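Working notes, beginning with the structure itself.
No lab work stands behind these numbers, since they all come straight from the coordinates. Bear in mind the structure is a predicted one, so any value in this text is a computation, not a measurement. As a convention, Cβ positions derive from the backbone with ideal geometry for all residues, glycine included, and neighbour counts pool all protein chains shown.
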Amino acid sequence: MGVDSPLITLLFVLIAMLAYVRGHGIDFDADLSFSNGIQPWGTEEDEEFEPLSASEFPLWKSSGAGKMPVNVDSFGAVGDGIADDTQAFVSAWEKACSLNNAVFLIPEQRIYKVNATKFRGPCQGKLIIQIAGTIVAPEEPINWDPKNPRLWIVFSNLEGARIQGGGVIDGSGSKWWASSCKINKTNPCRGAPTAMTIDSSSKVRVKGLTIQSAQQMHFTISRSVAIRISGVRVDSPPDSPNTDGIHISESTDISIQNCRIGTGDDCISIVNASSNIKMKNIDCGPGHGISIGSLGKDNSVGIVTGIVLDTATLTGTTNGLRIKTWQGGSGYVRSVRFENVKMDDVENPIIIDQFYCDSTKACKNKTEAVKISQVMYRNISGTSRTSKAMKFACSDTVPCSNIVLNNINLERENGTAETYCNCAMGFDYGFVRPAADCLRNDDSSSCSGGSVNNNRKHGQVNTEL
């Protein structure tokens, strides 16, 4: 049986494309093989969250299901949103942490005012943290615990715990926002509490919570391994300063799926010493987009590797898919894949900015930079609010390399979209709009370490601290 000539032609095109990619030293399958070690979406393990009704556990007593509920009400919590229930939470936690199969229970249809509290482990096995009600922070910054100026609800040193329940964590952040130097320029810039933090923990799962009106960041994962987040909603207004949705630092093997994030800063931000991060089915907006960085501030080292975003919608955000680094830093960002992303009226849909400068003063030009390489954008479509739908502002002395574009369709509703490049090495294939002819496909230019020309203007932007 003969083979149609169009099939033969297609076969030769695919072989030639593969040879081109390999010839440029790019092997995304190998570079992103980390994703094989991340638990697949939708497995039985992801469904192990057990639906528990707070009404099932009115008191601290044994359950027929083998769980040991520890109800904060049994330790003196009032739950009227006025009384300070901090000590009741601490006492209930100490009891729950000491028991096997415990359920640390915050009942539904109640509001508990809690000040800065650290819920420390290690705890006995199979701990469930059932947040069915609402936890609110004190409204007045002056009433905040001075011993914990940057923290509110912290879970630390936990292994295998589940945090669930469909409840609300409310940071009462409006007065913190009003006093921010981003809102009131006469005020000094100072930090504010993060609403919820998971620190120094492993194999923790978080499902079905709402975190809203954070004083600053909403949800931080730091120094942790194998954290699974699903069905989390983050909600704050677009003018709330520095209110990142989910912030990942010094952590590895993190998955975030089926989350809706609207805030005044990055929907998701990934910073130094983080690797093997997978995000899927993310709805972002309002906010500043999904960001790697910032990295390299104050000549620091920044390393982020193995990042995958698969399936996201960004609506009305000030950035889309962003990598941001300061001049003078060192380290690298590599093995990154953004795919299947829909943009709707996004200001900077695709942006790499190695001249990031979020400062009231002009940043000095420096030759050192965080190296950015092996970044793939695939199946990205939608509308750009600005003319520069794609911007690759890379360092003259440490240029970006192996930037790959495939199946890009970004348009501007009123006007023409374009691509801006400075010292960006890579290539495109398939349909790419706007055209990215400015991507260099070799390392023969002076950007590979020859001349120093960081004195040119690259449009430094100020978006957040």
Of 107, 69, 82, which is farthest along the charge dipole of the stretch 64-133 in the positive direction, counting Lys and Arg as +1 and Asp and Glu as -1 at C-beta? 69
How high is the relative contact order of the stretch 54-265, in percent, with contacts defined as C-alpha pairs under 8 Å that are six or more residues apart? 14 percent
Subtract the Cα-Cα distance of residue 363 and residue 413 from 0.36 nm times their separation in residues, and report this length gain in nm to one decimal. 14.6 nm
Quick one: length gained pulling residue 437 to residue 101 fully straight, 0.36 nm per residue minus the C-alpha distance? 115.0 nm
Could you list the residues of the stretch 376-417 with an amide nitrogen less than 20 Å from a label point located 7 Å from the Cα of residue 345 in the Cα-to-C-beta direction? 381-390, 410-417
In whole Å, what is the distance between the alpha-carbon centres of the stretch 170-191 and the stretch 277-326? 24 Å
What whole number of Å gives the distance from the Cα centroid of the stretch 377-423 to the Cα centroid of the stretch 89-166? 43 Å
Pop a pseudo-label 7 angstrom from the Cα along the beta-carbon direction at both residue 82 and residue 139 and give the gap in nm to one decimal. 1.3 nm
Fewest to most neighbouring Cβ within 10 Å: what's the order for 428, 244, 283? 283, 428, 244
Would you kindly state how much longer the chain becomes between residue 185 and residue 381 on full extension, computed as 0.36 nm times their sequence separation minus their alpha carbon distance, in nm to one decimal? 66.8 nm
Looking at the stretch 100-242, I'd like the Rg to Rh ratio, where Rg is from alpha-carbon atoms and Rh is Kirkwood's inverse mean 1/r. 0.98
Hey, fewest Cβ within 10 Å first, where do 314, 105 land in order? 314, 105
Diffing the stretch 280-294: the Karplus 3J(HN,Hα) column from phi (6.51, -1.76, 1.60, θ = phi - 60°), in whole Hz with x for Gly and Pro, holds 8, 6, 10, 10, 10, x, x, x, 9, x, 10, 10, 9, x, 7
Amide H neighbours of residue 70 under 5 Å, at least 5 residues apart or on other chains, H built in the peptide plane: list them. 103, 104, 105
Roughly how big is the stretch 106-213's charge dipole about its Cα centre, with Cβ charges of +1 (Lys, Arg) and -1 (Asp, Glu), in debye to the nearest 20? 240 debye
With +1 on each Lys and Arg Cβ and -1 on each Asp and Glu Cβ, and nothing else charged, work out how big the dipole of the stretch 279-465 is about its Cα centre, in Debye to the nearest 20. 360 debye
